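Bear in mind that the values in this text are calculations on the coordinates, not laboratory data. Just so we're clear, the structure is a prediction, and the values are computed from it rather than from any experiment. Every residue, glycine as well, gets a Cβ built from its backbone with ideal geometry; the counts of neighbours run over all protein chains shown.
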Amino acid sequence: MADIATPGSTTLRSRLDKAWALVVLILFALLILDRPATLPTVTGALAALAHTAPFILFAVAVIGVLKATGSEALLAKAFQGRESRMIVLAALAGGLSPFCSCEVIPFIAALLAAGTPLSAVMAFWLASPLMDPAMFAITAGTLGTGFALAKTGAAIALGLGGGFVTRAFRTSPVFADPLRAAPARSCGSCCGGSARPVSDRPQWRFWADPARRRIFRDAALENLLFLGKWLTLAYLIEMLMLRYVPAESIAALAGGTGPGPILLASLVGAPAYLNGYAAVPLVSGLLEQGMSQGAAMAFVIAGGVSCIPAAIAVWALVKPRVFAAYLGFALTGAALAGFAWSAIAAA
């Protein structure tokens, strides 16, 4: 459940879309500093965007269908039953559902307040920013189906690992009494529209209901615009990176074998992350310049879990010590995923 779209705001600062502003600034800087490079950069970015377009359209359609049917109801089933069952289902739900972290804050807050084990919530939170149907389609189209499947497996494994470790140490000072006194409201810049309550059950025949058809249309359009702007920015940055960043520099830092490149990618994943979708073409460019497969996997796992929208959703509800554990799980899981994918890719 990677983060999807950005809500509007009445303030001028919020209405100024940062992604499109960066696109304009990049093009303006190229025109001033290296005019001959402008056309090749733009055409390269547009060609890459056209290649990804079928995957974007498929992803947008899937998101629209799942939102129109009210599939949030399926999330509730992940938090029922025995604790070990909850952890497994929460990791699966987090890794496969299309609802962003902010949309489920009221749902998760209610579950925690009602006594739902933190272990299940941790499993959900760790897996949720890393993969969803849209992310899978775009990752498969750009980095290959193998990488997309491996990232999906890593997301679920990270959720399971964090969930069961939290369960094992639930009585420790780190995880005891995890909730803030008054959970903060924060929907930052990761969701489309305001957070909304989870419906009772999915309505799969959504096309028979005019209201649900509108939800499909609005969600599809909103996320088409969202994916379009971020991927446009990412492909522009990729073209610049391929043109101006020496490949030997990338290969020296993140290429080759051994733990160094993977550990480095785990640490720099968060500060270098734009969002999950924009990271895909950036990683593609880094791989072309010599980044190792293991480092690429560590980068997308660490960046996805610890990027600002995903992290804010956790910070809003739990105490700093639990949040620190969340980040620790993210970095450890990213490194382990990087080592595992490096071994698989080399086989």
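Listing for the model above:
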read-out	value
Gained length - Phe28 relative to Arg170, 0.36 nm times residue gap less alpha-carbon distance	45.8 nm
For segment 102-181 and segment 231-257, distance of Cα centres in Å	30
Whole-Hz ³J(HN,Hα) from phi, Karplus 6.51 cos²θ - 1.76 cosθ + 1.60, for segment 331-347, glycine and proline x	5, 5, x, 5, 5, 5, 5, x, 5, 5, 5, 4, 5, 5, 5, 7, 6
Cα-only Debye scattering, segment 265-347: base-10 log of I(q)/I(0) at q = 0.14, 0.25 Å⁻¹	-0.46, -1.14
Additional length obtainable on full extension of the chain from Ala252 to Ala347, 0.36 nm per residue less Cα span	32.0 nm
Interchain or long-range residues, amide H under 5 Å from Gln203's placed H	Gly70
FRET efficiency for Gln80 and Tyr244, using Cβ-Cβ distance with R0 set to 41 Å, rounded to 0.05	0.20
Highest-first arrangement of 150-163, 57-70, where packing means the average Cβ count within 10 Å	150-163, 57-70
Long-range HN-HN contacts of Val318 with modeled amide H, under 5 Å	Arg180
Isotropic mean projected area of the C-alpha convex hull, segment 12-346 (nm²)	17.9
Calculated from backbone phi, Karplus (6.51, -1.76, 1.60) coupling profile of segment 43-48 in Hz, x at Gly/Pro	5, x, 5, 5, 5, 5
Charged-residue dipole, Cβ positions (Lys, Arg, Asp, Glu), segment 12-346 about Cα centre, Debye nearest 20	860
Segment 12-346: relative contact order in percent, alpha carbon pairs under 8 Å with at least 6 residues between	23
Separation between Cα centres of segment 42-74 and segment 276-317, rounded to whole Å	19
Of Thr332, Ile26, Tyr235, farthest towards positive along the dipole that unit charges on Lys, Arg, Asp, Glu beta carbons give segment 12-346	Thr332
For segment 196-347, average projected area of the Cα convex hull in nm²	12.0
